[in-house]
Amino acid sequence: MIPASVQPRQIPATWQQELAEAITQPAELAAALGLPLEALAALDGADFPLRVPRSFVARMRPGDPRDPLLLQVLPVAAERLEAPGYGPDPLQEHTAQRAPGLLQKYPGRALLIATETCAVHCRYCFRREFPYAAQHGEGGRWREALATIAADRSLEEVILSGGDPLSLSNARLAALGQALAGIGHVRRIRVHTRQPVVLPSRVDAGLTDWLRASPVPMVVVLHVNHPNEIDASVRAACARLRAAGVTLLNQTVLLAGINDELTVLQRLSQELFDAGVLPYYLHALDRVRGAAHFLVPDERARELAGALVACLPGYLVPRLVREIPGAVSKTLLTPSAAVPCGGA
Ligand SMILES: *Cc1c(COP(=O)(O)O)cnc(C)c1O
Ligand code: SF4
């Protein structure tokens, strides 16, 4: 049963309104979950503050301070612990900048920081300290980035990222998409977004019209970490995306205490498939300051990946990868061999 306090006071008319009504105070989150504030042990005054839409809170288990969705969004004191090897820019992204807001690390594809805004603040986010302000080019947000893409025929794919690119209005997305599709050598546009999951109402008619009308194929990579994130509203949002002709993939971050169990990862792959989404990557944690308590040791990660290989059809096994600054692609962590299904 969903506590009355989680339910929107009125049904929000638009996703923008739902976003504006997101929970930003730990006390309000505690009340919504029927927990005393002390049970959350929330960190007050976090630099990267609490932010979570009510529809996502409605998928948390009331009364459970260890709920896997809650732990992804709740600021806690452990974030203040200094841990060796954890810093503000674990991926050395400043070395990958080709133009303001445009990062290229790998051949053939470049990533556009389309916005800094997200509907949710994920505690383990590797861009939680990203210097977004330095990404605003002069004279028109994307002018230099678009000129750089247009001048480089090797760039066949543009990835809209952020922040969450679906924080932009449909009109701004359409303008950006039109500019990109107008560059002859851009063959695919990819959108990395968590919004269809944390704010399914974002997948509105304007968005699907834009995706359907795109002259180049659109790939949407969702970000789901736990099967409890997928409810009927998310399945419906995925169905609308698929009906618009989009290829739907998912990436997951492996997180201690949230999804570092075989049964959880197995169920996640199955429920993603039921929603029309194929698992793409299982990411080892990026060592961003404040996230050390989420680390799953490599040995355990490889064991889990090995067990997934044993339990699932190959197309439901995400690739376990880590990002190593300077590498030519994400780096595969080999699944442990001969872990039987159920052995992890
Ligand atoms: C992760 C990433 C990509 C995407 O890599 P794929 O292996 O194609 O999914 C592209 N550009 C940048 C800058 C990235 O960080
Ligand atoms: S939605 Fe993505 S970019 Fe935004 S806080 Fe979460 S992980 Fe980071």
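The values are calculated or read from the model by the stated rules, or taken from the named source; none is laboratory data. Keep in mind that what you see is a predicted model, and the values were worked out from it rather than measured. Cβ coordinates were reconstructed from backbone atoms using ideal geometry, including for glycine residues, and neighbour counts include every protein chain displayed. Just so you know, the surface numbers come from the protein's heavy atoms only, side chains and all, with ligands and any DNA or RNA stripped out. Shrake-Rupley method; radii C 1.70, N 1.55, O 1.52, S 1.80 Å.
Can you give me the number of residues within segment 288-323 that are assigned to a loop (DSSP other than H, G, I, E, B), open to solvent by 30 Å² or more (accessible area, probe 1.4 Å) and modelled with pLDDT of 95 or more?
4
Being among the basic types (Lys, Arg) and closer than 14 Å to Asn228 by Cβ is the filter; apply it to segment 50-74 and report the residue that is least open to solvent (accessible area, probe 1.4 Å).
Among those residues, the one meeting the criterion is Arg59.
Tell me whether segment 109-126 contains one or more residues that are more than 16 Å from ligand 2 (Cβ to nearest atom) and in the same structural domain as Gly177 (by TED's automatic domain parsing).
yes
Which condition number does Ala179 fail, the rest of (1) open to solvent by 10 Å² or more (accessible area, probe 1.4 Å); (2) out of contact with any helix residue (DSSP H, G or I) (no Cβ under 7 Å at 6 or more places or on another chain); (3) outside any loop (DSSP other than H, G, I, E, B) being met?
(2)
Among the candidates Thr263, Thr334, Thr247, Thr252, which residue alone is open to solvent by 50 Å² or more (accessible area, probe 1.4 Å), of a type in the set (Val, Ile, Thr) and either touching a helix residue (DSSP H, G or I) at 6+ places or on another chain (Cβ under 9 Å) or not assigned by TED's automatic domain parsing to the domain that holds Tyr106 (or both)?
Thr334
For Ile149, state whether it is within 15 Å of ligand 1 (Cβ to nearest atom) and in a helix (DSSP H, G or I).
Answer is yes for this residue.
Please count how many residues of segment 185-221 are part of a loop (DSSP other than H, G, I, E, B), under 20 Å from the mean Cα position of the chain (by Cα) and farther than 16 Å from Leu248 by Cβ.
2
Determine if segment 75-95 includes at least one residue that is part of a helix (DSSP H, G or I), within 12 Å of ligand 1 (Cβ to nearest atom), open to solvent by less than 30 Å² (accessible area, probe 1.4 Å) and modelled with pLDDT of 90 or more.
no
So, in segment 178-196, how many residues would count as being hydrophobic (A, V, I, L, M, F, W, C) and within 16 Å of ligand 2 (Cβ to nearest atom)?
Final tally of qualifying residues: 1.
Identify, please: which residue in segment 102-119 is in a loop (DSSP other than H, G, I, E, B) and in contact with an Asp or Glu (Cβ under 8 Å, 6 or more places away or on another chain) and is, among those, nearest to ligand 1 (Cβ to nearest atom)?
In this case the residue turns out to be Gly108.
Give the residues of segment 180-195 that are hydrophobic (A, V, I, L, M, F, W, C) and modelled with pLDDT of 95 or more, sorted by residue number.
Matches in segment 180-195: Leu180, Ile183, Val186, Ile189, Val191.
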